[in-house]
Amino acid sequence: MANMMYWEAIRRAHDEEMANDPLVICMGEDIGVAGGTYKATQGLYDKYGAERVIDTPISENGYTGIGIGASFVGVRAIIEIMSVNFAWLAMDQIFNSAAKVRYMSGGQLTSPVVIRSPGGTAHQLGAQHSARMEKVFMGIAGLRVVTPSSPKQAYGLLKSAVRCNDPVFINEHELMYNMKGEVPDTEFFHPLEGSEVVRQGKDITLFGYNISVHWCLQAADILAKNHGIDAEIVDLFSLSPLDRVGIAESVSKTHHAVIVEEAEAPVGVGSEVMAIINEECFFDLDAAPVRVSSANVPQPYNHKLELAAIPNKDNVVDAVVKLLGKS
Amino acid sequence: MNAADKKRLLKEMLYARRFEERCYEAYVDRKIGGFLHLYPGQEACAHGVLEAARPGEDHVITGYRDHVHAIKCGADPKEVMAELFGKETGSSKGRGGSMHIFDVKHHFYGGYALVGGPFPLAAGLAKGIKMKGGDQIAICFLGDAANNQGTFHESLNISALWKLPVLYVCENNLYGIGTRIDRSTAVTEQYKRVCGYDIPADQVDGQDIEIVYKAAQKAVKHVRSGKGPYFLELMTYRYRGHSMSDSNAYRSKDEEADWSKRDPILILKNRLIKAGEYTEAEHKKLDKKIIDEIENDVIKFAEESPEPKVEELEKYVLAENDPYVCAENVRGEQQ
């Protein structure tokens, strides 16, 4: 086991996949000579050259479409979109080309492209650099959406995304690139579907993904210590498809659910998980599920307002305590 | 181009014309649904350019007016018609429809319904060709109105910068849906817009297949030799509306009559007759044969083919049994 940072894990996955297959390329803004805004491709330009580690112009829809077109003939492009806010500009190619081409060609053509992009609130980046877009991507048939909460997942999910024959969107987070964690020394592939119970518990299930898994972990410690509540935490690393079985299994056991997401609540992961709970295990519930999510506002610049807009561990603790009627 | 080639091209263009006209009838009969964009008037564009390339081998992509391009690449007209009829035997198994004809085995990478969408995809096909080391090229057929999308400029810039083997063919039919080009576009001559990207470009008559062929030969040679992209503007006209839901009210009858005098089939036919290579009687015979073939072969196949099964509604959304999806299958350490 090596202890490495999230960005190092992503970089290692790139490196191994590029070494494995000469048709694996990566492309994006500043990823080559500059090594990537978050260092995810550091050193690869020197190792693999400009034809495979490609600095693109600032033309998101254009270069994303090029990666998709190249994938039609066997190239495996890993596209980095510097901020998920810029991915809006590439939506046409992601939704209309990559996600739909298998279906509308009757299975003749597939787009095995990987699109990685960080979203979320970092440090006072304002409304146009702080959005969360996973809720948008997960609503599109034909596109897989995964979101790693640890260096190990970041490594293994990227490896599998490159090899998978479907287009995969990997939702990262700007605040997580320097997070450390154990990654196995031997090569491994993380399954693209499913969920992971990261903490066993009996009283309530906290559903999180990406950064919110960490708020859940912090909250679970406080709940155990201060309130005698034993929380189970389910990491929803696959947002599309969501793990219906895993969600129902945990709720059937704990009978209570809180869904924690950084995104604003409307039309989000929380609403989707609640719908699944209703459909799969409604009668196992002892109380109505609750969402912990951001205020429904464009992200403010002012730091105090920014912090007030997004959830944190204390909001999770409060929601659990209220839901269980304990204090 | 010898007389035999010209006669073959005349036959192909006439086939394309009759195929599209039969689509019109089938649409009126409600055998074909959705949106239907027909090609009559523009036949010399697809046929002239692809004749100068290697159809079936070069990678071709286009917009929603795609039936004829697919057939010229090698798609079976029966499968194209069956697709329009929404049948399981259709080229996209009835899941695509008129705007989404695909025939990947003949390197026809599809019809796309978002105007300008194929520009970057074509550049991507070219990037793939370049990486794999073949001498194929990518050919992107789109209309003039697509050039007002951002993808046009983004793709031209990147194609030129990376010297990608892609030929952009602009079939300038003077209208973007119902808006005439001078009302939508500051620079109406499209080849001029490309000079900002240092891409060689020509504008030629798109109604005379011999002129199209000659211009395309030059363009294809340039692209295939590794010198980067090329842009070819073909001046043409569509006889029907943008789609079947278009009444064509925005064009004058005089304008339509003028263009019908420059019909691509008429031009080639008259030239062959004048040269003593062909007769009016031969043409009538050929026309009848084509119409019969479309009826007895193509339409019959489409009519008699089965529809897709409702139980297979969700087939083709994602790859089936992809090994990297399930925990049981992935190699290495499990959670």
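On inspection, residue B:133 does not qualify as at the interface with another protein chain (Cβ under 9 Å from one of its Cβ atoms) and of a type outside the set (Lys, Arg). Based on this model, can you work out whether residue B:139 counts as facing chain A (nearest Cβ under 9 Å) and either of a type outside the set (A, V, I, L, M) or in contact (Cβ under 8 Å) with a residue 40 or more places away in the chain (or both)? Against the criterion (facing chain A (nearest Cβ under 9 Å) and either of a type outside the set (A, V, I, L, M) or in contact (Cβ under 8 Å) with a residue 40 or more places away in the chain (or both)), residue B:139 does not qualify.
The requirement of being surrounded by 24 or more Cβ atoms within 10 Å (Cβ to Cβ), out of contact with any Lys or Arg (no Cβ under 7 Å at 6 or more places or on another chain) and away from chain B (no Cβ under 13 Å) is satisfied by residue A:31.
Listed by position, the helices (runs of 4 or more DSSP H) inside segment A:100-206 whose residues that are closer than 30 Å to residue B:83 by Cα and touching a Leu at 6+ places or on another chain (Cβ under 7 Å) number at least 2 are A:101-104. Return the residues of segment A:296-318 that are touching a Leu at 6+ places or on another chain (Cβ under 9 Å) and of a type in the set (A, V, I, L, M, F, W, C); say none if nothing qualifies. Passing the criteria: A:297, A:316, A:317. The set of residues from segment A:236-287 being among the basic types (Lys, Arg) and farther than 21 Å from residue A:157 by Cα comprises just one member, A:253.
Being closer than 30 Å to residue A:185 by Cβ and β-branched (Val, Ile, Thr) is a condition met by no residue of segment A:123-138. Among the candidates A:278, A:296, the residue that is over 25 Å from residue A:121 (Cβ atoms), surrounded by fewer than 18 Cβ atoms within 10 Å (Cβ to Cβ) and not hydroxyl-bearing (Ser, Thr, Tyr) is uniquely A:278.
Here A:225, A:180, A:202, A:253 are screened, and the one residue that is among the basic types (Lys, Arg) and in contact with a Pro (Cβ under 8 Å, 6 or more places away or on another chain) is A:180.
Per this entry, residue B:76 is not counted among residues that are surrounded by fewer than 24 Cβ atoms within 10 Å (Cβ to Cβ), more than 11 Å from chain A (Cβ to nearest Cβ) and touching a residue at least 60 places away in the same chain (Cβ under 8 Å). Contact map, segment B:151-166: residues that are within 9 Å of chain A (Cβ to nearest Cβ) paired with residues that are of a type in the set (S, T, N, Q) and not in a helix (DSSP H, G or I), Cβ distance under 8 Å, separation 6+ or inter-chain. Pairs shown: B:154/A:59; B:157/A:59; B:158/A:56; B:158/A:59. Of all residues in segment A:92-102, one or more are touching an Asp or Glu at 6+ places or on another chain (Cβ under 9 Å) and either facing chain B (nearest Cβ under 7 Å) or at pLDDT below 95 (or both). Candidates in segment B:207-240 are the residues that are β-branched (Val, Ile, Thr) and within 11 Å of residue B:167 (Cα to Cα); of these, the one that is surrounded by the most Cβ atoms within 10 Å (Cβ to Cβ) is B:223. Within segment A:55-76, the set of residues being of a type in the set (A, V, I, L, M) and facing another protein chain (nearest Cβ under 8 Å) comprises A:66, A:68, A:70, A:73, A:75. Number of residues in segment A:34-44 that are of a type in the set (Gly, Ala, Ser), surrounded by 15 or more Cβ atoms within 10 Å (Cβ to Cβ) and more than 24 Å from residue B:154 (Cα to Cα) equals 1. Scanning segment A:210-226 for residues that are polar (S, T, N, Q), in a helix (DSSP H, G or I) and crowded, with 24+ Cβ neighbours inside 10 Å yields one hit, A:212. Of the numbered criteria (1) within 9 Å of chain B (Cβ to nearest Cβ); (2) buried (at least 24 other Cβ atoms within 10 Å of the Cβ); (3) not small (Gly, Ala, Ser), the one residue A:167 fails is (1).
The values are calculated or read from the model by the stated rules, or taken from the named source; none is laboratory data. Keep in mind that what you see is a predicted model, and the values were worked out from it rather than measured. Virtual Cβ from ideal backbone geometry, glycine too; neighbours counted across all protein chains shown.
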